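Trainee: The structure follows.
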Amino acid sequence: DVKVTQSSRYLVKRTGEKVFLECVQDMDHENMFWYRQDPGLGLRLIYFSYDVKMKEKGDIPEGYSVSREKKERFSLILESASTNQTSMYLCASSVGSQPQHFGDGTRLSIL
Amino acid sequence: EDQVTQSPEALRLQEGESSSLNCSYTVSGLRGLFWYRQDPGKGPEFLFTLYSAGEEKEKERLKATLTKKESFLHITAPKPEDSATYLCAVQEGSGSEKLVFGKGTKLTVNP
């Protein structure tokens, strides 16, 4: 089974902090994705990556950046956290056009 | 613009009361339609992929079907453990690995 692991289940940070969310997958998938999920808005794509050191913007990239230095690891960075970035963050991975497999999410609160 | 609409937003059923969830989509060429199940506090769990109109997939009490404009997730004789949010997502035919998600249907099955 594919395992996608997100480093924290819950995280509380302050406005203005630089925040790192980490995601690791164990199936050698080339594609990795970061989403945020908010009530009434569903899952929205922030950034994705097709390969090491490669990234593409999703639908809501503002205020975020990503890093993919190794194939198995995809990091989401909140450059200067703001309260409107309080959300559930989900990481996923896939190979080709196969289904994406998700981690259990990080619930991030920005105070 | 691609759009995925799920209905109803919420559905309450009695145990054993069969019903269907709807996912309608507009996309420039469909590569695949995906159904996921999401339990509270967890990431989405993959259920089915459908690729072409007329295709059907089954798993236990769930059956997914696909037409050119919509997909149905039929739930036969549901049990309380089927309670979850069911998400639909489409992958367009441009070659992108991105998914566009609907907002989900929250299903509650009462004993």
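The values are calculated or read from the model by the stated rules, or taken from the named source; none is laboratory data. No experiment lies behind these values; they were computed from the predicted model shown. All Cβ positions, glycine included, derive from the backbone under ideal geometry; neighbour counts span all protein chains shown. Heads up: the accessible areas ignore ligands, DNA and RNA and are worked out on the full protein's heavy atoms, side chains in. Shrake-Rupley method; radii C 1.70, N 1.55, O 1.52, S 1.80 Å.
Trainee: Restricting attention to the range B:64-79, which residues are without any contact (Cβ under 8 Å) to a residue 60 or more places away in the chain and either open to solvent by less than 10 Å² (accessible area, probe 1.4 Å) or of a type in the set (S, T, N, Q) (or both)?
Mentor: The answer is B:64, B:65, B:66, B:67, B:71, B:73, B:76.
Trainee: Looking at (1) within 11 Å of another protein chain (Cβ to nearest Cβ); (2) under 26 Å from residue B:49 (Cβ atoms); (3) not acidic (Asp, Glu), which is the one condition that is false for residue A:10?
Mentor: (2)
Trainee: Being among the aliphatic types (A, V, I, L, M), within 26 Å of residue A:95 (Cβ to Cβ) and modelled with pLDDT of 95 or more narrows it down to one of B:77, B:64, so name that one.
Mentor: Values: B:77 fails: within 26 Å of residue A:95 (Cβ to Cβ).
After applying the criteria, what remains is B:64.
Trainee: Please indicate, with yes or no, whether at least one residue in the range B:7-18 is at pLDDT 95 or above, under 11 Å from the mean Cα position of the chain (by Cα) and open to solvent by 20 Å² or more (accessible area, probe 1.4 Å).
Mentor: Yes: one or more hits.
Trainee: Tell me which of these residue A:40 doesn't satisfy, since it passes every other one: (1) at positive phi; (2) more than 12 Å from every other protein chain (Cβ to nearest Cβ).
Mentor: Among (1) at positive phi; (2) more than 12 Å from every other protein chain (Cβ to nearest Cβ), the lone unmet condition for residue A:40 is (2).
Trainee: Quickly run through the range B:41-52 and pick out the residues that are more than 7 Å from chain A (Cβ to nearest Cβ) and either open to solvent by less than 60 Å² (accessible area, probe 1.4 Å) or touching a helix residue (DSSP H, G or I) at 6+ places or on another chain (Cβ under 7 Å) (or both). Please lay out each step first, then the result.
Mentor: Residues of the range B:41-52 more than 7 Å from chain A (Cβ to nearest Cβ): B:41, B:45, B:47-48, B:50-52.
Within the range B:41-52, B:41, B:47, B:48, B:50 meet the criteria.
Trainee: What's the number of the condition residue B:7 fails, among (1) facing chain A (nearest Cβ under 10 Å); (2) out of contact with any Asp or Glu (no Cβ under 9 Å at 6 or more places or on another chain)?
Mentor: (1)
Trainee: Please go through the range B:80-103 and pick out each residue that is more than 14 Å from every other protein chain (Cβ to nearest Cβ) and loosely packed, with under 14 Cβ neighbours inside 10 Å.
Mentor: Within the range B:80-103, B:80, B:81 meet the criteria.
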